[in-house]
Amino acid sequence: MDILSFFEERAKKEPRTIVFPEGSNSVIAEAALRLQRGKVARPLLLGEAASVKATIASLGGTELDTIDPRSDRRLEEYVADYAREHALPEQVARRIVTEPLGFAAMMVKRGEAAGMVGGINCPTRDLLMVCELIIGLKPGLSVASSFYLMDIPGYRGGEDGLLIFADPAIQPEPGAVELADIAIATAASAAALLGWQPRVAMLSFSTKGSADHPAAEKVAQAVELAKQRAPELLIDGEMQLDAALVESVARQKIHSESAVAGRANILVFPNLDAANIGSKLVQQLAGARSYGPILQGFAAPVSDLSRSATPLDVFNSAVLVAVQSTADD
Amino acid sequence: MSHIADVVIETVAAVAKKDAKEIGVDTRLAEDLMVKSVNRIELAALLEDRLEVPIGNFDILKPKTVGAVIAMIEAKKK
């Protein structure tokens, strides 16, 4: 069974309500119909009522639940809640909450939806800002981040040939604190979603002080911070990629005891450039299948879609959000 | 100082939870006031409400200083 089928079966065991703020988009509606008909999740489509219903009808569907934020009975309650919690006038809260992204995030925050899948019609930045503002981050984290699950043909290392790369999509230039956050969040995601014992390698061009440079020191500092915050976490670095993945190299380059070196299953890159380029190298040159970027760090699961997402991409994103939600339980 | 400048300074002070007297046109939103990008959604909504000018999430991310916010709104009002 491939990974996505595994997640789909997991989602079906406990179908979750997933809210889609861009309900009148036909790609979203097609994915939602598949989720509903397959009993994988309970999709809720937000948007202007006539437009959403017309989109669903054009696909031959009728059975989807839809919500028009501007006329929904919950709007006044959401506005009042937001205004109170953020100490803002109600008319200002209304501007934020009436927008489908804001309304969807309020549904997630209040537990009326388990997670949210959006971003097909808006920049990633807008989705992330609204989610951080309304849903918030998990306790102890200062940033949201992302990871790819990489399935590399013929590779036997990592975790049965799978590796996680973080953060390829969100934090451009994380400092040591943010890098420690990314490591901790990614380890938690790997344990919850995949049942792994995380072994986190914090990557650099230097291994254990072999280079004297602030960029390497930042990674070493992040390792220390992560160890202080999560003493049980198997994490090591800074280290080069070969020391993280190849045991013979690890033995040559790392002379202290390490549960990670040579057999890491999570690679945390020092910044977005490295993570994004590294991910695409493995995709393009090794033919890896990559799943994601999967967002993490929000208090409830959120998925950001590419504007070129297909119905299958949207379906898979919703499945992952549903599984993240059950894992968070 | 113009009406727009007064309103912007009061609004920025409210979002940053600072005294308006501490804020001038050269005050930097991120570095001096620690206004995170997520809080700029609320800043935009408040300014839209108080000055009756549409401000998108992208627009409000661009200004680095209070003076730049004032200039952006004055340009929109023209």
Those residues that are surrounded by fewer than 22 Cβ atoms within 10 Å (Cβ to Cβ) and either in a strand (DSSP E or B) or not hydroxyl-bearing (Ser, Thr, Tyr) (or both), I need them from segment A:246-261; list them, please.
A:Val246, A:Glu247, A:Val249, A:Arg251, A:Gln252, A:Lys253, A:Ile254, A:His255, A:Glu257, A:Ala259
So is A:Ser279 at negative phi and in contact with a strand residue (DSSP E or B) (Cβ under 8 Å, 6 or more places away or on another chain) or not?
yes
Residue in segment A:151-173 that is closer than 27 Å to A:Thr124 by Cα, assigned by TED's automatic domain parsing to the domain that holds A:Leu272 and free of Cβ contacts under 8 Å to residues at least 60 places away in the same chain present
no
Evaluation of B:Asn39 against (1) more than 29 Å from A:Val143 (Cβ to Cβ); (2) under 12 Å from the mean Cα position of the chain (by Cα) (one fails), failing number
(1)
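Name the one entry in A:Ala104, A:Ala80, A:Ala114 that is of a type in the set (Gly, Ala, Ser), more than 11 Å from chain B (Cβ to nearest Cβ) and surrounded by fewer than 24 Cβ atoms within 10 Å (Cβ to Cβ). Quick ask: steps written out before the conclusion?
Values: A:Ala104 fails: surrounded by fewer than 24 Cβ atoms within 10 Å (Cβ to Cβ); A:Ala114 fails: surrounded by fewer than 24 Cβ atoms within 10 Å (Cβ to Cβ).
Being of a type in the set (Gly, Ala, Ser), more than 11 Å from chain B (Cβ to nearest Cβ) and surrounded by fewer than 24 Cβ atoms within 10 Å (Cβ to Cβ) holds for just one of A:Ala104, A:Ala80, A:Ala114, which is A:Ala80.
Of the residues A:Ile182, A:Ile120, A:Ile135, A:Ile164, which single one is crowded, with 19+ Cβ neighbours inside 10 Å, aliphatic (A, V, I, L, M) and within 14 Å of another protein chain (Cβ to nearest Cβ)? Walk me through it before giving the result.
Details: A:Ile182 fails: within 14 Å of another protein chain (Cβ to nearest Cβ); A:Ile120 fails: within 14 Å of another protein chain (Cβ to nearest Cβ); A:Ile164 fails: within 14 Å of another protein chain (Cβ to nearest Cβ).
None of the other options fit; the residue is A:Ile135.
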Report yes if A:Asp212 is charged (D, E, K, R), part of a loop (DSSP other than H, G, I, E, B) and surrounded by fewer than 18 Cβ atoms within 10 Å (Cβ to Cβ), otherwise no.
yes
What number of residues in segment B:69-78 are surrounded by fewer than 16 Cβ atoms within 10 Å (Cβ to Cβ) and either in a helix (DSSP H, G or I) or touching a Ser or Thr at 6+ places or on another chain (Cβ under 6 Å) (or both)?
4
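A:Ala87 - would you say it is surrounded by fewer than 21 Cβ atoms within 10 Å (Cβ to Cβ), without any contact (Cβ under 8 Å) to a residue 24 or more places away in the chain and more than 11 Å from chain B (Cβ to nearest Cβ)? Working first, answer last.
On the way: surrounded by fewer than 21 Cβ atoms within 10 Å (Cβ to Cβ): yes; without any contact (Cβ under 8 Å) to a residue 24 or more places away in the chain: yes; more than 11 Å from chain B (Cβ to nearest Cβ): no.
No; evaluated as a whole, the condition is false for this residue.
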Taking segment B:1-24, which residues are part of a loop (DSSP other than H, G, I, E, B) and either in contact with a strand residue (DSSP E or B) (Cβ under 7 Å, 6 or more places away or on another chain) or within 13 Å of another protein chain (Cβ to nearest Cβ) (or both)?
B:Lys17
Restricting attention to segment B:25-68, which residues are assigned to a helix (DSSP H, G or I), away from chain A (no Cβ under 14 Å) and surrounded by fewer than 18 Cβ atoms within 10 Å (Cβ to Cβ)?
B:Gly67, B:Ala68
Residues of segment A:185-207 being buried (at least 21 other Cβ atoms within 10 Å of the Cβ) and over 19 Å from A:Ala261 (Cβ atoms), which ones?
A:Ala185, A:Ser189, A:Leu193
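The values are calculated or read from the model by the stated rules, or taken from the named source; none is laboratory data. In this text the structure is predicted, and so the values were computed from the model without any measurement. Glycine gets a Cβ as well: all are built from the backbone with ideal geometry, and neighbour counts include every protein chain shown.
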